[in-house]
Amino acid sequence: MPECAVSELGKIDSATRIRDVIRSVGFDLVFQPKVAFSHGKLGGIEVLVRWPEVVSGRQAPDQFVPLAEQHGLAPMLDLHVLERTLRTWRSWSALTRLCWSPFPISVNVSAMSVQDEDFLRSVTWLLAESPRPKLMFELTETAPFHNPLAAAQTLEALSGRGVQVSLDDFCTGFNNHERLDTLPVAELKIDREDTAKLDTVAGIRHVGQMIEQAKAAGLTVTAEGIESRDQWKTLRTLGCDYGQGYWLCPPLSASDAAEVVQGY
Ligand code: C2E
Ligand code: MG
Ligand code: MG
């Protein structure tokens, strides 16, 4: 068998494994706090998917999420993560949920999902049960729009149901100015690779321009991948609203995230 056919078979096998994980043990979730520059306290939290500990052949999200997109499994994965997020939130005590109530929980969502005709119906169904947290959907940058109108309509409908939209990793991949101009966006996210370049003049100028543009459009800005006090200070000077990164807090288990939120 030619080598490329072998690697295609490997990918199909991995896609089957993603589906099997969703239908069996489910993916693990971790939660990374967002911190407000204005007061240095909690401002939100992002849910990140993880290959389950109990399943062999561990892969990073950067590997299996694009694979899910290539094989049409993105809506299934994103709905699974949303459902698990809501289930985790509902499992917390009333006090934890009360502490949590001012902050949005951000869930990553693929461009493939928001173009899927059943996605909106499934999300609406998941959100019908109460109580539910404030939600923000981070539109990821890895997939194109084949049907931009459907994507815009889905995101408009979600905004109407109180789900805010964030453009993840702005100015990378497919998350460009066109998406900013045509979608009901409430937040821009600065990618960790741009945060890493804040030690150069060009890097500061680039991030500064993105923040200025966001402010001009009335959006909030979150910078991810903050690994040092210097990056934090530079971003604060540039007018960034929220920060995320290992220097502030790594991604946490659900129980640790509940403790952190109660601490605030
Ligand atoms: P993202 O949404 O831009 O997530 C930020 C990534 O940066 C996460 O990687 C996070 O663990 C990592 N990170 C956090 N703080 C730091 C830091 O200080 N330094 C560095 N170098 N990295 C930091 P992760 O969890 O591996 O996720 C990678 C990407 O996978 C995400 O990028 C997102 O695009 C995608 N993803 C993750 N979870 C989901 C999901 O549930 N659904 C979808 N569709 N995509 C997801
Ligand atoms: Mg994200
Ligand atoms: Mg990123």
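Test residue 193 against the criterion of being more than 21 Å from residue 39 (Cα to Cα) and of a type in the set (D, E, K, R), and give yes or no. Can you show your working first?
Numbers: more than 21 Å from residue 39 (Cα to Cα): yes; of a type in the set (D, E, K, R): yes.
Judged against the criteria, residue 193 is a match.
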Determine whether residue 171 is assigned to a loop (DSSP other than H, G, I, E, B), more than 14 Å from ligand 2 (Cβ to nearest atom), modelled with pLDDT under 95 and under 21 Å from residue 46 (Cβ atoms).
yes
Output for the range 193-239, where each listed residue is in contact with a Lys or Arg (Cβ under 7 Å, 6 or more places away or on another chain) and assigned to a loop (DSSP other than H, G, I, E, B):
224, 225, 239
Positions within the range 151-191 being surrounded by fewer than 15 Cβ atoms within 10 Å (Cβ to Cβ) and in contact with a strand residue (DSSP E or B) (Cβ under 7 Å, 6 or more places away or on another chain), in sequence order:
184
Taking first residues from the range 134-149 that are closer than 17 Å to residue 117 by Cα and second residues anywhere that are among the small types (Gly, Ala, Ser) and assigned to a loop (DSSP other than H, G, I, E, B), the pairs with Cβ under 6 Å that are 6 or more apart or on different chains are 143/110
Anything in the range 90-107 that is buried (at least 21 other Cβ atoms within 10 Å of the Cβ) and not small (Gly, Ala, Ser)? List them, or say none.
100, 104, 105, 107
Neighbours by Cβ (under 7 Å, 6+ apart or cross-chain): first from the range 75-87, within 19 Å of residue 97 (Cβ to Cβ); second in a helix (DSSP H, G or I):
82/123; 82/126; 83/126; 86/126
Search result, residues across the range 155-172 that are farther than 15 Å from residue 108 by Cα and either within 16 Å of ligand 1 (Cβ to nearest atom) or touching a helix residue (DSSP H, G or I) at 6+ places or on another chain (Cβ under 6 Å) (or both)
157, 171, 172
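Taking the range 140-168, which residues are more than 16 Å from residue 244 (Cα to Cα), in a strand (DSSP E or B) and hydrophobic (A, V, I, L, M, F, W, C)?
Result: 163, 165.
When the residues of the range 212-236 are narrowed to those that are of a type in the set (Asp, Glu) and touching a Gly at 6+ places or on another chain (Cβ under 9 Å), which ends up farthest from residue 183 (Cα to Cα)?
227
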Specify the residue that is farthest from residue 182 (Cα to Cα); the eligible residues are those in the range 237-253 that are of a type in the set (A, V, I, L, M) and open to solvent by 30 Å² or more (accessible area, probe 1.4 Å).
248
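Go through the range 8-33 and report how many residues are free of Cβ contacts under 8 Å to residues at least 40 places away in the same chain and open to solvent by less than 20 Å² (accessible area, probe 1.4 Å). Give the steps one after another, and end with the answer.
Taking the range 8-33 first, the residues free of Cβ contacts under 8 Å to residues at least 40 places away in the same chain are 8-10, 13, 16, 20-21, 23-25, 28.
So of that shortlist, the ones also open to solvent by less than 20 Å² (accessible area, probe 1.4 Å) come out as 21.
Residues meeting the conditions: 1.
Being away from ligand 1 (no atom under 13 Å from the Cβ) and touching a residue at least 12 places away in the same chain (Cβ under 8 Å) is the filter; apply it to the range 53-70 and report the residue that is nearest to the chain's Cα centre (by Cα). Break it down into steps so the answer makes sense when it comes.
In the first step, residues of the range 53-70 are kept if they are away from ligand 1 (no atom under 13 Å from the Cβ); the result is 53-57.
Checking which are touching a residue at least 12 places away in the same chain (Cβ under 8 Å) leaves us with 53-55, 57.
Details: 53: 21, 54: 24, 55: 23, 57: 24 Å.
Within the range 53-70, the match that is nearest to the chain's Cα centre (by Cα) is 53.
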Looking for whichever is surrounded by 13 or more Cβ atoms within 10 Å (Cβ to Cβ), within 16 Å of ligand 2 (Cβ to nearest atom) and closer than 12 Å to residue 45 by Cβ here; the options are 136, 112. Which one fits?
136
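Evaluate the following for residue 78: is it surrounded by fewer than 18 Cβ atoms within 10 Å (Cβ to Cβ), within 14 Å of the chain's Cα centre (by Cα) and under 23 Å from residue 169 (Cα atoms)? Walk me through it before giving the result.
On the way: surrounded by fewer than 18 Cβ atoms within 10 Å (Cβ to Cβ): no; within 14 Å of the chain's Cα centre (by Cα): yes; under 23 Å from residue 169 (Cα atoms): yes.
So residue 78 fails the test.
Residue by residue, here is whether (1) open to solvent by less than 30 Å² (accessible area, probe 1.4 Å); (2) at pLDDT below 95; (3) in contact with a Phe, Trp or Tyr (Cβ under 7 Å, 6 or more places away or on another chain) holds:
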| residue | (1), (2), (3) |
| --- | --- |
| 35 | yes, no, yes |
| 39 | no, yes, no |
| 54 | no, yes, no |
| 58 | no, yes, yes |
| 74 | yes, no, no |
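The values are calculated or read from the model by the stated rules, or taken from the named source; none is laboratory data. Everything numeric here is computed off the predicted structure, so don't read it as measured data. Ideal geometry is used to build each Cβ from the backbone, glycine not excepted, and the neighbour counts take in all protein chains shown. Areas reflect the complete protein model, heavy atoms only, side chains present, ligands, DNA and RNA absent. Shrake-Rupley method; radii C 1.70, N 1.55, O 1.52, S 1.80 Å.
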